């Protein structure tokens, strides 16, 4: 069966061919025929591209499987952008403190949360909702302030901070995981320097991340990192 978008493309392609046929049987200079032909081709390709973009961005038709949580102005293409404010580009307006989230169970393949969890009092519930709305083996990418950094404390809206072990409480083998039934596997965690001087920052990041446990125990305030990045896999 031909998909609806393919039927639409075939239709506009057929109309384009008919238009080109009539252009070339009409009397007129070659210059006029070329200009009209280019115009028709441009319209045909433009309509096809516009339809494709509209289809790929319509999350109500299950085209999007990725969530940008608490996006603010960081609007990402290919994601459902969710925020508490109806900013430009926001697809879903919702307060993360209110659960359940307006998505069905096992919907997303990926979720992204950049510097939003430190603002939320309902942290455990948010993680449980992410677990609910994400599929098995879905990836959740999280950026949060690292507790040793002054930038973690400078924002009066921050109500929590994170260490390298903050998500251990969601692991199946963790002794204290009784606080929640949501289970994740940590597949990546990395301390990050957010400033752009990569010539200095990259070697420091590389060395510190080789010895993260030793760093956090003994040297964390000597070289304070502003950000920690996690990738979690949903377990079900």
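Any read-out appearing in this document is the output of simple, stated calculations on the displayed coordinates, not a laboratory observation. For clarity, every value in this text was computed on a predicted model and none was experimentally measured. Reconstructed Cβ throughout: ideal geometry from the backbone, glycine too, with neighbour counts over all protein chains shown.
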**OP:** Grab every C-alpha pair in segment 63-235, bin the distances at 5 angstrom width from 0 up to the longest one, and report whole percents.
**Re:** 1, 8, 16, 20, 20, 16, 11, 6, 2, 0
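Once you have the Cα-Cα distance between residue 204 and residue 192, take 0.36 nm times their residue separation minus that, and quote the gain in nm to one decimal.
Details: separation 12, 0.36 × 12 = 4.32 nm, distance 0.95 nm.
Extra length from residue 204 to residue 192 when fully extended: 3.4 nm.
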Subject >> segment 62-96 versus segment 135-203: alpha-carbon centroid distance in Å >> reply: 21
Original post:
Considering the zone a paramagnetic label at residue 157 would reach in this model (a point 7 Å from Cα along the Cα-to-Cβ line), which residues of segment 71-94 have amide N under 11 Å from it?
Top reply: 71-73, 84-85
Original post:
Using a simple spin-label model with points 7 Å from Cα along the Cα→Cβ vector, what separation in nm is obtained for residue 136 and residue 77?
Top reply: 3.4
